[in-house]
Amino acid sequence: MVEQQHIDAATTFLRQYGAIQPTIGLLAGTGLGGGFETMAVDHAIDYGAIPHFPVSTVSGHRGRLLLGRLQGHAAMVFQGRFHLYEGYHPRQVVFPIRVMQALGVRTLIVTNAAGGLNPAFQPGDLMLITDHINLTGENPLVGPNDPAWGVRFPDMSRVYDTALADQARTAARRLEWPLQSGVYAGLKGPSLETPAEIRFLTTIGADAVGLSTVQEVIAAVHAGMRILGLSVITNVNTPDRPIPATLEDIIAVADQAAPRLARLVEHILEKL
């Protein structure tokens, strides 16, 4: 179980690298960690070197923390995340969020690779997450509540910051890029969805589906952070004409979209 002493050890270690008062935290999903080539990187630290930090075990997750500046903002960019299906406890999955909270991060940008459910979507589309549905059966806030981390019952009626969402839409218009928007459904995985499950997800209002994000976002709401969520649509699920999806194909589409996603984030941060 993650304890405050584990968070303290990790933050003490990172402060030695100058991670003092970062304002922006960015959590990059599958295949999306390599797009931020314009970041002024002061330090690149493997997750395994950070005390008590989990280690990414999935292809497409570099498992590295970048400390530096993005568009003039002191930033922490996590190249890779952790998933419930890897066997991690929910509190381990959200360990980066607690570290960011302890270091003073107030704005979180979370990205992921997702399967499209909305028939209007195409592979390679960027989607602004407007809300989510937690279907993982897990929640990182289960157990004793530490008031220093947040309130016992955080309100989830406005999870994704509307001002940041408006800035994302404005940035997309400046770039003359289409930006989809929709509801993200988070599943536990690692098996992908059956056609019947896809029909169920569309029935309950989901536009995209993935195996991450919701745990970290719940913890970030608990921490009082402003949140911007962005998905790369890597494939579109059509239950009547199912096409098998592979991790290799998903990573390939995410790799192609990563520079575009990074540029959109940079334009958002210009006006932040």
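Some notes on this structure:
- Among the residues listed as 5, 21, the single one being surrounded by fewer than 16 Cβ atoms within 10 Å (Cβ to Cβ), within 24 Å of residue 221 (Cα to Cα) and touching a strand residue (DSSP E or B) at 6+ places or on another chain (Cβ under 7 Å): 21
- Those residues of the range 227-240 which are part of a strand (DSSP E or B) and more than 13 Å from the chain's Cα centre (by Cα), in sequence order: 233, 234, 235, 236
- Of the numbered criteria (1) crowded, with 19+ Cβ neighbours inside 10 Å; (2) modelled with pLDDT of 95 or more; (3) touching a Ser or Thr at 6+ places or on another chain (Cβ under 9 Å); (4) under 28 Å from residue 191 (Cα atoms), the one residue 113 fails is (2).
- Failed criterion for residue 229 (all others in (1) surrounded by 15 or more Cβ atoms within 10 Å (Cβ to Cβ); (2) in contact with a helix residue (DSSP H, G or I) (Cβ under 9 Å, 6 or more places away or on another chain); (3) at pLDDT below 95; (4) not basic (Lys, Arg) hold): (3)
- The residues of the range 177-207 that are under 19 Å from the mean Cα position of the chain (by Cα) and of a type in the set (Asp, Glu) amount to a single one, 207.
- Residues satisfying the stated conditions in the range 45-103, i.e. of a type in the set (S, T, N, Q) and either closer than 26 Å to residue 148 by Cα or without any contact (Cβ under 8 Å) to a residue 24 or more places away in the chain (or both): 92, 101
- Residue 74 satisfies every condition listed in (1) modelled with pLDDT of 90 or more; (2) of a type outside the set (Asp, Glu); (3) part of a loop (DSSP other than H, G, I, E, B) except (3).
- Only one entry in 205, 182 is within 16 Å of residue 115 (Cα to Cα) and either surrounded by fewer than 18 Cβ atoms within 10 Å (Cβ to Cβ) or touching a Phe, Trp or Tyr at 6+ places or on another chain (Cβ under 7 Å) (or both), namely 205.
- Selection from the range 177-215 of residues that are of a type outside the set (Val, Ile, Thr), in a loop (DSSP other than H, G, I, E, B), within 17 Å of residue 138 (Cα to Cα) and in contact (Cβ under 8 Å) with a residue 40 or more places away in the chain: 187, 188, 189, 190, 211, 212
- With respect to the conditions (1) part of a strand (DSSP E or B); (2) over 11 Å from the mean Cα position of the chain (by Cα); (3) buried (at least 21 other Cβ atoms within 10 Å of the Cβ), residue 108 lacks only one, and its number is (2).
- You will find that of 142, 151, 221, 159, the residue that is assigned to a helix (DSSP H, G or I), over 26 Å from residue 246 (Cβ atoms) and either touching a residue at least 24 places away in the same chain (Cβ under 8 Å) or in contact with a Leu (Cβ under 6 Å, 6 or more places away or on another chain) (or both) is 221 and no other.
- Looking across the range 155-191, just one residue is among the acidic types (Asp, Glu) and touching a strand residue (DSSP E or B) at 6+ places or on another chain (Cβ under 8 Å), and that is 161.
- Looking across the range 241-264, just one residue is in a helix (DSSP H, G or I) and touching a Pro at 6+ places or on another chain (Cβ under 7 Å), and that is 253.
- Restricting the range 150-176 to residues that are hydroxyl-bearing (Ser, Thr, Tyr) and surrounded by 12 or more Cβ atoms within 10 Å (Cβ to Cβ), the residue that is nearest to the chain's Cα centre (by Cα): 160
The values are calculated or read from the model by the stated rules, or taken from the named source; none is laboratory data. Computed from a prediction, not measured in an experiment: that's the story for all the values here. Note that each Cβ is placed from the backbone with ideal geometry, even for glycine, and that neighbours are counted across all protein chains shown.
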